[in-house]
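Worksheet: one structure, shown below.
The values are calculated or read from the model by the stated rules, or taken from the named source; none is laboratory data. Not measured: the values here are computed from a predicted model. Using ideal geometry, Cβ is built from the backbone for each residue, glycine included, and neighbour counts are taken over all protein chains shown. Heavy atoms of the whole protein, side chains included, go into the accessibility calculation; ligands, DNA and RNA do not. Shrake-Rupley method; radii C 1.70, N 1.55, O 1.52, S 1.80 Å.
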Amino acid sequence: MEIISRVPELRERLHNVSNIAFVPTMGNLHAGHISLMEQARQHGDCIVASIFVNPLQFGANEDLASYPRTLAEDCRKLYAAGVDVVFTPNEADLYPQPQTVIVQAPPIAGELCGAYRPGHFDGVATIVLKLFNLLQPQAALFGNKDFQQLFIIREMVRQLNVPVAIVAGETVREADGLAMSSRNGYLRPEQRVEAPRLFKALQQVVKTVRDGRRDFKAIETQTMQYLTMMGWIVDYIEVRSADTLAAAAANDRNLVVLGAARLGKTRLIDNIEFCVPQLN
Ligand code: PAF
């Protein structure tokens with residue numbers, strides 16, 4: 001495995017490689033990332049992972065400075081996962097001058113997480129497009145846990161005709177259901193015990209809708225009230241169309257329930273995609 005931090009070296013290394021499967025990350029890798037690396041082998045001959053904590057996607061009061069940086073350990077995991085090249089640029093490599101050209105993510109970027117993290121998805125879209133241009137991968141893999149991010153990247157690639165196949169990887173969970181996330185490491189022990197409740201609350205929403213209820217707003221409000229009662233600060237719980245991410249309509253069959261909520265300062269997100277039978 002080669003570890004490359006400079007852009008010219010990366011270009012040189014990938015110059016004659018036509019079949020790249022790419023997994024962009026911000027490091028602090030967990031089993032969810034590693035499953036994407038393993039899945040990547042089905043989509044390319046050369047697996048490239050990037051590790052870059054992208055300042056452009058963090059708001060002024062967010063955790064950019066404290067975001068966990070564990071490069072040596074990450075590289076060990078990537079080596080064990082059979083990755084061929086790890087790209088580890090620093091900020092000056094990717095943003096040698098102030099980035100004044102920014103990808104404007106589609107309007108859905110102002111809803112759900114975007115309503116609480118203004119500019120976040122513009123920052124994500126900009127770095128992802130930049131990395132796609134540098135690497136020119138045939139396929140790129142993203143975790144389904146960041147459902148809205150995945151949706152926006154698919155939309156960007158489609159609308160800007162970027163020649164890359166976007167592949168989704170299943171959310172990997174701890175034994176108690178908590179979705180794996182680099183931010184789980186921020187949780188204090190008692191918060192870690194509480195954290196799986198978000199997933200359980202989403203599972204309850206799925207069951208309620210599958211049982212026939214379609215009063216989505218009432219279900220969302222009840223779930224938010226329940227989590228608030230259990231000590232969470234809830235940003236949103238929403239049932240949406242899994243195909244368009246628009247608010248769910250009673251006759252939608254492919255749905256996704258998404259949630260974002262904080263335990264103390266730690267913001268967790270999760271979602272469950274599900275199908276329901278047509279109502280008569
Ligand atoms: O999901 C992430 O880790 C980041 O948003 C990404 C896609 C690597 C862009 O910085």
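What distance in nm separates the simple spin-label points at Val7 and Asn254, each placed 7 Å from Cα in the Cβ direction?
According to this spin-label approximation, the distance is 3.7 nm.
How much length is gained if the chain between Gln104 and Ala65 is pulled fully straight, taking 0.36 nm per residue apart and subtracting their Cα-Cα distance, in nm to one decimal?
Numbers: separation 39, 0.36 × 39 = 14.04 nm, distance 2.47 nm.
That works out to 11.6 nm of additional length.
What does the accessible area of Ser18 come to, in Å² to the nearest 10, when a probe of 1.4 Å is used?
90 Å²
With θ taken as phi - 60° and the coefficients 6.51, -1.76 and 1.60, list the Karplus ³J(HN,Hα) couplings across the range 24-34 in order, rounded to whole Hz; mark glycine and proline as x.
Calculated HN-Hα couplings, in order: x, 9, 10, x, 6, 6, 10, 4, x, 4, 5 Hz.
Using a cut-off of 15 Å between beta-carbons, work out the net charge of the residues near Ala92 (Lys and Arg +1, Asp and Glu -1, Ala92 not included). Could you put the intermediate results ahead of the total?
Numbers: positive: Arg6, Lys130; negative: Glu9, Glu91, Asp93.
Net charge around Ala92: -1.
If only Cα atoms are counted, what is the Rg of the range 1-43, and what is its Dmax, in Å?
Radius of gyration, then largest Cα-Cα span, for the range 1-43: 12.0, 31 Å.
Taking every pair of distinct Cα atoms and averaging 1/r, then inverting, what Kirkwood hydrodynamic radius in Å comes out for the chain? Provide the component values of the computation, followed by the final result.
Details: mean 1/r = 0.0506 Å⁻¹.
About 19.8 Å, per the Kirkwood formula over Cα pairs.
Would you rank Glu9, Glu155, Glu111 by solvent-accessible area, highest first, keeping every protein chain in place and using a 1.4 Å probe? Can you show the working numbers first?
Working: Glu9 100, Glu155 35, Glu111 75 Å².
Listed by decreasing accessible area, they come as Glu9, Glu111, Glu155.
Round to a whole number: what % of the accessible area of the chain belongs to carbon and sulfur, probe 1.4 Å?
Values: 6980 of 13510 Å².
Exposed carbon and sulfur together represent 52 percent of the surface.
Given +1 on the Cβ of Lys and Arg, -1 on the Cβ of Asp and Glu, and no further charges, what dipole in debye does the range 159-232 carry about its Cα centre, rounded to the nearest 20?
Details: 11 positive and 8 negative charges, 26 e Å.
Value, rounded to 20: 120 debye.
As an exercise, use a Förster radius of 25 Å and the Cβ-Cβ distance of Gln159 and Tyr116 to find the FRET efficiency, rounded to the nearest 0.05. Mind showing how you got there, number by number?
Working: r = 24 Å, r/R0 = 0.98.
Calculated transfer efficiency: 0.55.
Quote the FRET efficiency, to the nearest 0.05, computed for Tyr226 versus Glu38 with a Förster distance R0 of 25 Å and r equal to the Cβ-Cβ distance.
On the way: r = 36 Å, r/R0 = 1.45.
After rounding to 0.05, the efficiency reads 0.10.
Using modelled amide H (1.01 Å from N, peptide plane; none on Pro or chain starts), what sits under 5 Å from the amide H of Ala105, excluding residues fewer than 5 places away?
Asp122
Over the range 73-134, calculate the relative contact order: mean separation of alpha carbon pairs under 8 Å at least 6 apart, over the residue count, as a percent.
Working: 21 pairs, mean separation 15.1, N = 62.
Relative contact order of the range 73-134: 24 percent.
Please report the Cα spread of the range 102-148 along all three principal axes, rounded to whole Å, starting with the longest.
31, 24, 13
Residue by residue, what Karplus-based ³J(HN,Hα) values in Hz, rounded to whole numbers, does the range 205-215 have, using 6.51, -1.76 and 1.60 with θ = phi - 60° and x for Gly and Pro?
Along the range 205-215, the couplings run 4, 4, 4, 4, 5, 5, 6, x, 6, 10, 7 Hz.
As a test of the definition: which semi-axes, in Å, follow for the range 133-258 when you take the square root of five times each eigenvalue of its alpha carbon gyration tensor? Largest first, please. All intermediate terms of the calculation are to be shown ahead of the outcome.
Details: eigenvalues 164, 93, 26 Å².
Semi-axes, largest first: 29, 22, 11 Å.
Run the count for the chain, please: Lys pairs, Cα-Cα under 20 angstrom, 8 or more apart or on different chains.
On the way: Lys145/Lys200; Lys145/Lys207; Lys145/Lys265; Lys200/Lys217; Lys207/Lys217.
Lysine pairs, 8 or more places apart or on different chains, close enough: 5.
Treat each spin label as a single point 7 Å out from the Cα along the C-beta direction, and report the Arg213 to Lys265 distance in nm.
In this crude label model, Arg213 to Lys265 measures out at 3.6 nm.
Show me 55-63, 23-31 ranked by packing, highest mean number of other Cβ atoms within 10 Å first. Display every interim value, and only then the final one.
Values: 55-63: 14.4, 23-31: 20.8.
Result, highest mean first: 23-31, 55-63.
So what's the Cα pair-distance distribution over the range 83-196, bin width 10 Å, in %?
11, 35, 37, 15, 2
Hey, what does the equivalent ellipsoid look like for the range 1-73, semi-axes from the Cα gyration tensor as sqrt of 5 times each eigenvalue, largest first, whole Å? Could the numbers behind the result be given before it?
On the way: eigenvalues 122, 51, 24 Å².
Over the Cα atoms of the range 1-73, the semi-axes work out to 25, 16, 11 Å.
Taking the highest mean first, how do the peptides 245-252, 124-131 order by number of other beta carbon atoms within 10 angstrom per residue? Write out the running numbers ahead of the final one.
Details: 245-252: 15.0, 124-131: 22.2.
Ranking, from highest mean packing down: 124-131, 245-252.
Can you tell me which of 91-102, 260-271 comes out highest on packing, and rank the rest after it, using the mean Cβ neighbours within 10 Å?
260-271, 91-102
Under the rule of at least 5 residues apart or a separate chain, name every residue whose amide H is placed under 5 Å from the amide H of Gly143.
Gly169
Once phi is turned into ³J(HN,Hα) by the Karplus curve 6.51 cos²θ - 1.76 cosθ + 1.60 with θ = phi - 60°, what whole-Hz value does each residue of the range 119-134 show in order, with x for glycine and proline?
Whole-Hz 3J(HN,Hα) from phi for the range 119-134: x, 4, 6, 5, x, 5, 4, 5, 5, 5, 5, 4, 5, 4, 5, 6.
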